[in-house]
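Quick notes on the structure that follows.
The values are calculated or read from the model by the stated rules, or taken from the named source; none is laboratory data. Please read these numbers as outputs of a predicted model, since none were measured by experiment. Positions of Cβ are generated from backbone atoms using ideal geometry, with glycine treated the same way; all protein chains shown enter the neighbour counts.
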Amino acid sequence: MALKAAAELLKRRSEETTKMNYQNNMEGICDVKAAGSNSKNFVLWREVVTAYAAPAIMAGIGGLITADKGLQIGALTTIGGSSALVAWMIGLWLRSRGGHKQWITSAPRLIVVGMFALTGALFGLFAAWVTSGLLEIFNPSNHLAWFSRVWTDFPLSATIASTTVTWRWRLTVTKNFSATGGDRK
């Protein structure tokens with residue numbers, strides 16, 4: 001009888017121990033937990049893959065429908081590549097420093113996303129300018145088919161990627177960071 005009661009007590013304690021939630025010390029470094037029980041975490045690699053795949057698939061479909069070979073090639077190179085690069089850079093910055101900036105966590109979401117969209121567009125224009133300048137320096141006589149596309153593809157892809165990454169990041173930190181400068185709740 002006593003042995004059976006002791007075994008029952010050990011079983012209950014074991015079940016209670018497995019149900020306990022331990023705080024993960026790496027939580028702030030690796031990912032940001034989303035507000036709400038069914039929301040997903042902000043995981044950078046997932047955002048970068050989505051930022052590459054979504055515009056590349058849509059532009060690829062547009063290239064297939066219009067039979068534009070330049071758009072089909074641009075979908076996989078300049079459109080998807082610049083989207084992934086900008087999503088990676090903005091995601092890294094937001095994950096490491098974004099939560100500690102009071103204006104990012106306390107300002108209205110549309111203002112923050114709009115500012116990052118403008119930043120993404122400016123970065124895309126700068127990347128197009130650098131790419132075209134370097135190509136002119138290293139190979140002035142070669143006119144590649146995709147060369148004229150970078151002035152449209154880079155800024156547009158960077159704007160869309162920075163908007164989506166910032167919007168999703170801001171959704172995940174809405175309840176995890178206080179409005180007083182990024183302290184964890």
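When you check Leu71 against the structure, is it in contact with a helix residue (DSSP H, G or I) (Cβ under 6 Å, 6 or more places away or on another chain) and surrounded by fewer than 21 Cβ atoms within 10 Å (Cβ to Cβ), yes or no?
Considered against the rule, which asks whether it is in contact with a helix residue (DSSP H, G or I) (Cβ under 6 Å, 6 or more places away or on another chain) and surrounded by fewer than 21 Cβ atoms within 10 Å (Cβ to Cβ), Leu71 comes out as yes.
Restricting to the range 123-150, count the residues that are touching a residue at least 24 places away in the same chain (Cβ under 8 Å) and within 23 Å of the chain's Cα centre (by Cα).
Going through the range 123-150 one residue at a time, the tally reaches 6.
Going through Val150, Val165 one at a time, which residue ends up being modelled with pLDDT of 90 or more, assigned to a helix (DSSP H, G or I), of a type in the set (A, V, I, L, M, F, W, C) and touching a helix residue (DSSP H, G or I) at 6+ places or on another chain (Cβ under 7 Å)?
Being modelled with pLDDT of 90 or more, assigned to a helix (DSSP H, G or I), of a type in the set (A, V, I, L, M, F, W, C) and touching a helix residue (DSSP H, G or I) at 6+ places or on another chain (Cβ under 7 Å) holds for just one of Val150, Val165, which is Val165.
Going by the structure shown, is Ile65 aliphatic (A, V, I, L, M) and in contact with a helix residue (DSSP H, G or I) (Cβ under 9 Å, 6 or more places away or on another chain)?
Here the answer is no, as Ile65 does not meet what is asked.
Give me the pairs: first residue in the range 54-75 and free of Cβ contacts under 8 Å to residues at least 12 places away in the same chain and of a type in the set (A, V, I, L, M), second residue surrounded by 14 or more Cβ atoms within 10 Å (Cβ to Cβ) and in a helix (DSSP H, G or I), beta-carbon distance under 7 Å, and six or more apart or on different chains, which are they?
Once the first residue is free of Cβ contacts under 8 Å to residues at least 12 places away in the same chain and of a type in the set (A, V, I, L, M) and sits in the range 54-75, its partners that are surrounded by 14 or more Cβ atoms within 10 Å (Cβ to Cβ) and in a helix (DSSP H, G or I) give Leu64/Gln72.
Out of curiosity, is Ala127 within 16 Å of Val48 (Cβ to Cβ), touching a Phe, Trp or Tyr at 6+ places or on another chain (Cβ under 8 Å), buried (at least 20 other Cβ atoms within 10 Å of the Cβ) and of a type outside the set (D, E, K, R)?
no
Any residue at all in the range 112-126 that's in contact with a strand residue (DSSP E or B) (Cβ under 6 Å, 6 or more places away or on another chain) and either of a type in the set (S, T, N, Q) or outside any helix (DSSP H, G or I) (or both)?
No; the residues of the range 112-126 include none that is in contact with a strand residue (DSSP E or B) (Cβ under 6 Å, 6 or more places away or on another chain) and either of a type in the set (S, T, N, Q) or outside any helix (DSSP H, G or I) (or both).
If you scan the range 55-78, which residues turn out to be part of a helix (DSSP H, G or I) and at pLDDT 90 or above?
Of everything in the range 55-78, those that are part of a helix (DSSP H, G or I) and at pLDDT 90 or above turn out to be Pro55, Ala56, Ile57, Met58, Ala59, Gly60, Ile61, Gly62, Gly63, Leu64, Ile65, Thr66.
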